[in-house]
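All remarks here apply to the structure that follows.
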Amino acid sequence: MISYENVLGTVTVSENYLSKLIGSEVTSCYGVVGMVPGTGRQRFNRLIRVESIDTGISVTGNANSISVKIHIEVLYGTNIKTLAKSITEKVKYVVKDITDIDVDRVVVRVDGIKE
């Protein structure tokens with residue numbers, strides 16, 4: 001849980017919420033075919049056919065700034081450098097806009113290419 005104070009009181013944001021928010025934004029980017037499990041729990045969920053929007057996303061940090069690691073599968077022929085830059089900027093903007101938490105670092109890992 002990430003908590004911070006503002007004029008209205010204490011705001012608490014869970015890592016699960018941030019993962020779902022980021023997953024929703026990443027999967028809407030052109031060229032992203034899907035998310036790839038990044039942790040053991042996510043791999044297990046995929047084995048038992050539990051698909052989730054937060055698959056492949058890891059969020060760490062505190063109320064001042066967070067770091068995000070994203071595992072994706074891309075469409076063959078997609079410019080990966082441009083896609084990674086687009087995802088990075090989109091994630092930073094959306095998280096700052098909705099939660100007022102700065103994103104210090106976004107790591108985009110391409111774990112697969114699909115035709």
Fill in the blank from the handout: Reported set for region 3-33 where residues are assigned to a strand (DSSP E or B) and in contact with a helix residue (DSSP H, G or I) (Cβ under 7 Å, 6 or more places away or on another chain) is Val13, Val32
Handout entry: Those residues of region 1-36 which are small (Gly, Ala, Ser) and either touching a Cys at 6+ places or on another chain (Cβ under 8 Å) or modelled with pLDDT of 90 or more (or both), in sequence order
Key = Ser19, Gly23, Ser24, Ser28, Gly31
Practice task
Kindly indicate whether any position in region 50-64 is over 20 Å from Met1 (Cβ atoms) and modelled with pLDDT of 90 or more.
Solution key: no
Problem - Residue list for region 74-109, filter: part of a strand (DSSP E or B) and crowded, with 17+ Cβ neighbours inside 10 Å - result: Val74, Val103, Val106, Val108
Problem - region 80-101, subset more than 14 Å from the chain's Cα centre (by Cα) and charged (D, E, K, R), residue nearest to Ser3 (Cα to Cα) - result: Asp100
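The values are calculated or read from the model by the stated rules, or taken from the named source; none is laboratory data. None of the values given here were measured: they were computed from a predicted structure. All Cβ positions, glycine included, derive from the backbone under ideal geometry; neighbour counts span all protein chains shown.
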